[in-house]
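See structure below.
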Amino acid sequence: MRNQYDLVVYSNLSVTPHMRRIKLHGESLKAFPTGQETGYVKVDFSKDKNTKIMRSYTIRAFDPERRLLTLDFVDHGDLGPASRWARQAKKGASIRVFGPGATKLLDPHADWYLIGGDMSALPAIGANLEALRADAKGYVIVEILSQEDQQLLNLPTGMEVIWLIQEDSDPPNKQLVETIRAVNWLPGRVYPWFAGEFDGMRNMRAYFRDEKNIDIHSMYLSCYWKLGATDEGMKRAKRIDAESDLEGTNIQ
């Protein structure tokens with residue numbers, strides 16, 4: 001994560017009411033490696049040298065010829081430094097990123113797939129679906145904030161998409177967990193891939209590991225955020241979870 005890229009905003013578009021797609025450009029991207037979709041970069045939102053504000057964002061796409069790096073931002077309004085920057089960033093605005101970090105790809109040898117998460121996971125979900133083989137089958141289950149937040153996903157015909165609208169009274173990922181439990185289990189070896197809120201991912205881990213007996217190396221679960229916690233608080237929770245669950249699947 002040492003490679004630094006000083007970039008500028010090339011375009012900033014609203015994909016859905018709660019998702020913005022920002023393309024970043026810079027000559028330094030000549031050195032950016034290809035094939036890093038589903039990986040991540042650290043974006044530096046720091047205002048000065050004394051206060052470091054770094055956030056991780058999935059690489060949605062990279063065009064090496066045009067030197068364009070595409071990142072999707074969930075639009076939370078002006079509630080945090082990243083969302084605030086994404087809303088206000090104009091063409092030509094400067095931003096520094098570091099990376100790339102490791103990719104989070106699906107197992108190409110699985111018989112079928114169970115993929116999903118909330119809106120924070122949509123960039124990685126979209127990039128993963130585009131890399132799937134043409135005959136892949138399974139389910140894509142995404143919890144979104146409104147009906148208008150549905151995105152057009154490029155996916156194999158054998159993949160069924162289920163959109164869930166999060167109710168205001170429900171905790172994050174509640175419907176997601178319930179729907180996963182209710183899907184028709186297909187024959188063969190499944191590869192679950194999910195990302196979202198910390199507690200929701202813990203519930204999924206328990207289901208896949210304890211009830212479905214899925215090996216820890218045959219699934220990917222990642223916490224992208226934690227309700228009521230800062231980014232630093234979420235990272236602390238993940239460390240504690242890893243220490244208390246050394247025999248099982250840690251939330252990454």
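From the Cα gyration tensor of region 112-244, with a ≥ b ≥ c the square roots of its eigenvalues, which class applies: rounded if a/c is under 1.5, or else prolate if a/b is larger than b/c, or else oblate? Walk me through the numbers on the way to the answer.
On the way: a/c = 1.68, a/b = 1.24, b/c = 1.36.
Since a/c reaches 1.5 but b/c is at least a/b, the shape of region 112-244 is classed as oblate.
Hey, how many Å between the Cα centroid of region 19-86 and the Cα centroid of region 116-187?
23
Provide the FRET efficiency to the nearest 0.05 for the Leu153-Leu227 pair, computing r from the beta carbons and using R0 = 22 Å.
Efficiency, from the Cβ-Cβ distance: 0.25.
State, to one decimal in nm, how far the label point of Ile162 lies from the label point of Val183, with both points 7 Å from Cα in the Cβ direction.
0.7
Along the positive direction of the dipole of region 11-147 (beta-carbon charges: Lys, Arg +1; Asp, Glu -1; about the Cα centre), which of Ile95, Gly116, His18 reaches farthest?
The residue sitting farthest along the positive end of the dipole is Ile95.
Roughly what would the spin-label model give for Ile240 and Asp44, points 7 Å off Cα along C-beta, in nm?
3.2
In region 112-244, what is the count of Lys pairs whose alpha carbons are under 24 Å apart, counting only pairs at least 8 residues apart or on separate chains?
8
Take each complete run of DSSP H in the chain, measure how far its Cα atoms stretch along the helix's own axis, and keep only those covering 15 Å or more with mean Kyte-Doolittle hydropathy at least 1.6; list them.
Helix filter hits for the chain: none.
For every helix of n ≥ 4 consecutive DSSP H residues, a contribution of -39,500 (n - 2.57) applies; sum these over the chain, divide by its total residues, and give [θ] at 222 nm rounded to the nearest 500 deg cm²/dmol. Let's see the in-between values first.
Details: 5 runs with 50 residues, N = 252.
That calculation yields -6000 deg cm²/dmol at 222 nm.
Which one of Ile144, Ile162, Ile115 has the biggest mean-square fluctuation once the chain is modelled by GNM with Cα springs under 10 Å?
Between Ile144, Ile162, Ile115, it is Ile162 that shows the largest mean-square fluctuation.
Classify the chain as rounded, prolate or oblate, taking a ≥ b ≥ c as the square roots of the eigenvalues of its Cα gyration tensor: rounded when a/c is under 1.5, otherwise prolate if a/b is larger than b/c and oblate if not.
It is prolate, given that a/c is not under 1.5 and a/b is the larger ratio.
Measure off 7 Å from each Cα along the Cα-to-Cβ vector at Lys90 and Glu27, then give the distance between these two points in nanometres to one decimal.
2.4
Rule-based calculations on the coordinates, nothing more; no lab input. Quick caveat: nothing in here was measured; it's all calculated off a predicted structure. For neighbour counting, all protein chains shown are included, and Cβ atoms are generated from backbone atoms with ideal geometry for every residue, glycine included.
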